[in-house]
Structures are given as structure tokens and as C-alpha cells.
Amino acid sequence: MRTKKNIIKVGYLLSYDYKFIFNSIKQIYDFSDEIFICYDKDGKTWAGNAFEIPDNIFSKIRELDHQNKIIFYSDTFYVEKLSAIDLDTRQRNMLAQKMGKGGWHIQIDSDEYLVGFEKLAGFLRKQKYLLKSPEKTPVNFFVNFVTLFKQTEEGFFVISPFTESCFLITNVPKYTNARFPQNSFSLKLSVNNIHQSWARTQNEILQKINNWGHSTDFDTVDFYNKWDNLNQQNYTQFKNFHPIYPNDWQELKFIPAKSVEEFIVNFEKKYPQQEIEMPLKLKKRIKLYLKSLF
């Protein structure tokens, strides 16, 4: 049930990578107030390609929803002649409207696993004064991506260091470029968001790069070939290799794990989420608090 107490709102975009959402929901379910799952009712990607979400996926999601906090939202999100990135942005804004005013809006993709979410939710609840008049105190929080680049039988190649920014949370949910928020006041939190991203099968990678919001911004064939040829003998040669923003992906490290579930567990043990503090000096925190009152 929706009430004014719904402070932690999580929104998902569900598409062809639907199978990953279960690991993601498990990370955030207990500490969220509302969870919205948004998908195209016509079964089209932003590139206009067809996909199908099996009915049993929805059934399995409902089985996880023992507190009755998940809301499904379907609509037409593909519009001919609009670019993939414009459609990405459009869908996120439509989802934000569905999630409603108020609360902290957190938009997560199905293949993202927010580790340590209990502490993140606790931190956000402490900052609820910023929700009283958000137009007066607009603020975004972004976190670190832990991007899984490729999976083998022995483990995962992971992009390092974990400094790539992931815009995630806002109290004014208006987006201008994918989930990049309109308001410019952003703060970085020491929180890690594991991104399954490129750690998929060959067919899934081809599907991803041909339907991604940035699919027209780089040579997808060249990128795929480099990904396909990556192995434990040559991974140290991958330096500054992001196809659009090279410096975002400085290098790769290899972390042993038999599955993504095992990777998440091992990662949380190695990099436990610490208590989160507001990344502002006391004077600025006081100024922000007073601004929220008047």
C-alpha cells in the first residue's frame, strides 16, 4: 500500500535481460518501501527489436513479493524515429511519474546488484528532511559501478578500479540522458553497485550491444570481437578500453567465482559496506537542512 511513509522507491526497467532481475531484487527487497517493475507492453527494445518476457518470470517475481510491495507497469516505450538513448530517457521519466512524487527515487537496471543496500536505505531515511520540499533542496547521489566484463568457468573479469560513476538516486526524478538527472547538485557515496553488464553469453552480448542506448555511438563489431577474444592470457593488455569514455575502464582484474551468486557473496566479504556519511562538511549540511525548512 502506498503511503507518505514510502521513502525508498525502487524502479526497474525490465527487458530482454529479465533473467538477472531475481538476484537484483534479493539485494533490495527487504529494505525498500515500493518496487516498480516497468516493461514494454509491445515487447520491443529501444532499437525496435522484438523480445518476449515469459509469463513464468512474472509468476516467479510475484512469489518473491511476500510483503506485497511490487507494482508492475507496462506501456508503449518504443517510438519510431526516436534514438535509443532518447527512448531510454523517455522510459525513465515515464517510470518516475508512475512511481509518484515524494520519496527517494532509485532506478536500477535488472542486471545490477546493489550490495549493502540495508545501509544505503538507512542512510537515505536519515536524510528524509530533503524530501519535505525537494524542489528547494534537489540532490542526487551517485555510487560506484563494479562492472563484470566477462565470465568464464573459473571466474569473472572485473573492471578496475571501482570508480566509474553510476547515477542512482534523486529526490527530483527528472532525467535528461538515460538516468542522468536534470538537477546538477550531485554527491558521491561510497557504495558499490555490481553490474552484470558484459558478463553474459555470446548471444546475449550481441543482443545487448545492438539494443543498448549507446549502440550507435561506437563500433559494436570491433567491441564484440575484443570482448570475445578476451582470456586469462591477454586480459592485462586491456587498458582504458571503454568504447565511449576510455578512462572509465582503466584495466581488468580477475576474481574467481563459479557463479554470479558466489561472486556477490565473495565481494561483500572482501568489500563490506561501511556506514555511509553525508559527503558534505558540517557547515554545508546545516545550510542544506535550514534550506529545507523555509
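Every number here is computed from the coordinates shown, using simple stated rules; none is lab data. What you are looking at is a predicted structure, and each value in this text was computed from that prediction instead of being measured. A quick note on method: Cβ atoms are made from the backbone with ideal geometry, for glycine too, and the neighbour counts reach across all protein chains shown.
For the stretch 102-152, treating each Cα as an identical point scatterer without solvent, what Debye log10 I(q)/I(0) comes out at q = 0.13 1/Å?
Per q value, in the given order, log10 I(q)/I(0) is -0.43.
May I ask for the Rg/Rh ratio of the stretch 80-178, computed from Cα atoms with Rh as the Kirkwood radius, given to two decimals? Display every interim value, and only then the final one.
Details: Rg = 16.0 Å, Rh = 15.6 Å.
Using Cα coordinates only, the ratio equals 1.03.
How do the peptides 224-236, 109-121 rank, highest first, by the average count of neighbouring beta carbon atoms within 10 Å per residue? Write out the running numbers ahead of the final one.
On the way: 224-236: 12.7, 109-121: 21.0.
Top of the packing list down: 109-121, 224-236.
How many angstrom lie between the C-alpha centres of the stretch 21-68 and the stretch 188-251?
Measuring centre to centre over Cα atoms gives 24 Å.
Out of every Cα pair in the chain, what percent are spaced more than 25 Å from each other?
The answer is 49 percent, as a whole percent.
Per the helix-only calculation at 222 nm, which mean residue ellipticity applies to the chain, given -39500 (n - 2.57) for every DSSP H run of n ≥ 4 and division by its residues, nearest 500 deg cm²/dmol? Kindly include the intermediate steps, with their values, before the conclusion.
Working: 8 runs with 87 residues, N = 294.
So the helix-based figure for the chain works out to -9000 deg cm²/dmol.
Please list, in order along the stretch 245-252, the HN-Hα scalar couplings obtained from phi with the Karplus expression 6.51 cos²θ - 1.76 cosθ + 1.60 (θ = phi - 60°), rounded to whole Hz, x for Gly and Pro.
10, x, 5, 5, 10, 7, 6, 10
Counting only residues 5 or more places away or on other chains, whose amide H sits under 5 Å from the amide H of Glu251 once H atoms are built in the peptide plane?
Amide H neighbours of Glu251, under 5 Å, 5+ apart: Ser160, Asn240.
Beta carbons within 10 angstrom, averaged per residue: use that to sort the peptides 200-207, 239-246, highest first.
On the way: 200-207: 14.6, 239-246: 12.6.
Ranked from most to least packed, the peptides come out as 200-207, 239-246.
Residues of the stretch 9-53 with the amide nitrogen closer than 12 Å to a label point 7 Å from the Cα of Asp65, along Cα-to-Cβ, please.
What the label zone holds, given the 12 Å backbone N cut-off, is 34-38.
Using only the Cα atoms of the stretch 1-62, build the gyration tensor, take square roots of its eigenvalues as a ≥ b ≥ c, and label the shape rounded, prolate or oblate: rounded if a/c is under 1.5, else prolate if a/b is larger than b/c, else oblate. Provide the component values of the computation, followed by the final result.
Details: a/c = 2.41, a/b = 1.83, b/c = 1.32.
It is prolate, given that a/c is not under 1.5 and a/b is the larger ratio.
Determine ³J(HN,Hα), in whole Hz, for all residues of the stretch 61-73 in sequence, where each value follows from phi through the Karplus function 6.51 cos²θ - 1.76 cosθ + 1.60 and θ = phi - 60°; x replaces Gly and Pro.
Computed from phi, the couplings for the stretch 61-73 are 5, 4, 5, 6, 8, 6, 10, 6, 10, 9, 10, 8, 9 Hz.
So how much slack lies between Thr163 and Ser186, counting 0.36 nm per residue of separation and subtracting their Cα-Cα distance, in nm? Don't skip to the end; give the middle numbers.
On the way: separation 23, 0.36 × 23 = 8.28 nm, distance 1.54 nm.
Full extension from Thr163 to Ser186 adds 6.7 nm.
Modelling each spin label as a point 7 Å along the Cα-to-Cβ direction, I'd like the Asn240/Gln202 distance in nm, to one decimal.
3.2
Explain nothing, just compute: Karplus ³J(HN,Hα) = 6.51 cos²θ - 1.76 cosθ + 1.60, θ = phi - 60°, for every residue of the stretch 265-272 in order, whole Hz, x for Gly and Pro.
My calculation for the stretch 265-272 gives 4, 5, 5, 5, 5, 7, 10, x Hz in order.
Let me have the relative contact order for the chain, percent, based on Cα pairs under 8 Å that are six or more residues apart. If you can, show how the numbers build up before the last one.
Working: 521 pairs, mean separation 59.1, N = 294.
Over the chain, the number comes to 20 percent.
Could you tell me the relative contact order of the stretch 61-207? Use alpha-carbon pairs under 8 Å, at least six residues apart, and round to a whole percent.
On the way: 215 pairs, mean separation 43.1, N = 147.
Reported relative contact order: 29 percent.
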